[in-house]
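Values in this text are rule-based calculations from the coordinates and carry no lab data. Just so it is clear, the model here is predicted, and its values are computed rather than measured. Heads up, the Cβs are rebuilt from the backbone with ideal geometry, glycines too, and the neighbour counts pull from every protein chain shown.
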Amino acid sequence: MAVFSLYRVWLVCLWWRVRHHRPVLTRMFDQLPIVTVQLPIFNEPYVVGRLLDAVIRLDYPKDRLEIQVLDDSTDDTPLVVSDRVADLRAHGVWIHHVRRTHRSGFKAGALAEGVAASHGEFIAVFDSDFVPQPDFLQRTIHQFTDPDIGMVQTRWGHLNRTDSLLTRAQALMLDGHFLIEQVARSRSGRFFNFNGSAGIWRAQTILDAGGWQSDTLSEDLDLSYRAQLAGWRFCYLEDVIAPAELPIEMSSLKIQQHRWTKGSIQAGFKLLPAIWRSRQPWRVKLEACFHLCNWFHYPLGLLCAVLMLPTLMLTHTSLQPHPGSWESFVGMLLVITTALFYGVASWQQQERSRWPLLIELPALMSVSMGLALNNTRGVWEALRRAASPFHRTPKYNGHRRGTQDPDYRRQASDAVWWWGEVALGLYTLVSISYVLSRHLYAVVPFLLPLAAGFLYAGCTSLAPALHASVELLVAWWKPEKVYELG
């Protein structure tokens, strides 16, 4: 845990050294190339209309802009999309509604099929909850006048940042990634990744790297590393912002985090041997290890939390001279490095006040630590090579819950681990009580957000879990009927 904490400090130092090394645009296209915009969607009735509205407003010649709606939906979303696509075609928009009879490969499979049928030299990808600005393509496409650039990634913005403490915490977490990590890696010549949305690929880069592959849940991370190993360079534009919707429920956030965690560990197993066999500098290889293995800090943090109480009790009974010293060191180090990392990220947000950080930082620590059990499951499943489908993160565009969508409800059944999170929260409260009795106050800033996070994650997941349990009971008792439970 100390090593991962110090790695964050190193990222901040690296960011500070390269923060002014912005990409320089040397020339522009004389004639704009054809761009294919891919919109992979699956059961997204609440946000697909907003996405289409944003994409058709892109400031780009109509005859040079191809739009593919890659629709694998199994609900009523295709009806909404088909009507909208027909209307847009009638107004001269170059748009296709691509439907598959199967979900082979999930998002990666849909993107691969879209690439095979595309006409564009460049491929832009937007997930269903994004709202790209009209000047997005004009501010990004000219980076490809450099023939070595294979992908351009932009920064994610947040449509609903101020909705709740949960969305504020998530926004700060993502700001740390996009304002510190991506800047530090990209401008120092290290590998960094396409984030799955709000980026543009050179079509030839995708082909050279072996195309979209679905053997991991992080197809974007996987393709990014394969492309850079093949010799392509990437460009990150911090100043180009593509707003997106943050999950409004803890259960939705846990789905997203579980997928990211498991997919990253899967990608690490797949890519690290090739990375170490490559001719890349050792600094690139070492940073890639930390990047791909960073999610291991969740099981390590969970282990620290579980072992802290028995360790303190053992050191107390053995009358060691300085019981609790390493626990105090780790606890303070985690808090200080987290505050430094995300404090710098918040400081970089020039357009907003610094004061919300006083609320957002404790919320971030609690939410992040509350995800420890959920993300540890993701790591464990990746280590076991356990297969699982690609669960997209539910987004609602202001609608509180998609209660009429059975797929949204089915995914909430992943919340059955609420009992483990509540138990860990209560256990951590006992640890806090013992620590206070021993006057080890330096450990409290580590344990307190952990207890709050576990209890919050468990209690907010209780309602979806009970809903899923009642639904299963009704299905067993009255299988011939379909019940819509509010």
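For this structure, a couple of remarks:
- Label-point separation, TRP417 to HIS21 (7 Å along Cα→Cβ), nm: 3.8 nm
- The distance linking the range 361-387 with the range 79-103 is 38 Å (Cα centroid to Cα centroid, whole angstrom).
- Calculated translational diffusion coefficient of the chain (10 °C, 1.306 mPa s; Stokes-Einstein with Kirkwood radius over alpha-carbon pairs) equals 67 µm²/s.
- For ARG279 and ILE336, the difference between the fully extended length at 0.36 nm per residue and the C-alpha to C-alpha distance is 16.9 nm.
- Globularity ratio of the range 329-396, using Cα Rg and 2.2 N^0.38 Å: 1.49
- Peptides 225-236, 431-442, 150-161, ordered by how many other C-beta atoms sit within 10 Å of their residues on average, highest first, read 150-161, 225-236, 431-442.
- Sites LYS62 and PHE29, calculated FRET efficiency, Cβ-Cβ separation with R0 22 Å, nearest 0.05: 0.85
- Mean separation of Cα contacts under 8 Å, 6 or more apart, over the residue count of the range 228-303: relative contact order %: 31 percent
- Sorted by Cβ neighbour density within 10 Å, fewest at the top, the residues CYS293, CYS304: CYS293, CYS304
- Longest stretch of the chain clear of exposed loop sites (GluC sites (Glu not before Pro), DSSP loop, at most 10 other Cβ atoms within 10 Å, sites excluded): 1-350.
- Estimated from helical segments only, the mean residue ellipticity of the chain at 222 nm is -17500 deg cm²/dmol, where each DSSP H run of four or more residues counts as -39500 (n - 2.57).
- Folded to 0 to 90 degrees: helix 418-437 orientation relative to the chain principal axis, Cα: 40 degrees
- In this simple spin-label model, placing a label point 7 Å from the Cα along the Cα-to-Cβ direction at both ALA86 and ASP146 gives a separation of 4.6 nm.
- Residues PHE130, PHE446, PHE42 arranged by fewest to most Cβ contacts within 10 Å: PHE42, PHE130, PHE446
- Note on CYS13 and CYS293: the extension gain reaches 98.8 nm, defined as 0.36 nm multiplied by sequence separation minus the Cα-Cα distance.
- When you restrict to C-alpha pairs under 8 Å that are six or more residues apart and normalise by the size of the chain, the relative contact order lands at 18 percent.
- A Förster distance of 22 Å, applied to the separation of the beta-carbon atoms of CYS459 and TRP355, puts the FRET efficiency at 0.20.
- Pair TRP347, HIS119: separation of 7 Å Cα→Cβ label points (nm): 5.1 nm
- Computed from Cα atoms, the angle from the helix 2-18 axis to the main principal axis of the chain rounds to 40 degrees.
- Where a label projected 7 Å from the Cα of ARG384 along Cα→Cβ would reach, residues of the range 246-265 with amide N under 20 Å: 254-265
- Whole-Hz couplings from phi, Karplus 6.51/-1.76/1.60, listed for the range 97-110; x for Gly and Pro: 9, 9, 10, 10, 8, 8, 10, 4, x, 6, 4, 4, x, 5
- Alpha-carbon centroids, the range 34-56 and the range 170-213: separation in whole Å: 21 Å
- With N counted as the residues of the range 34-248, its alpha-carbon radius of gyration over 2.2 N^0.38 Å works out to 0.98.
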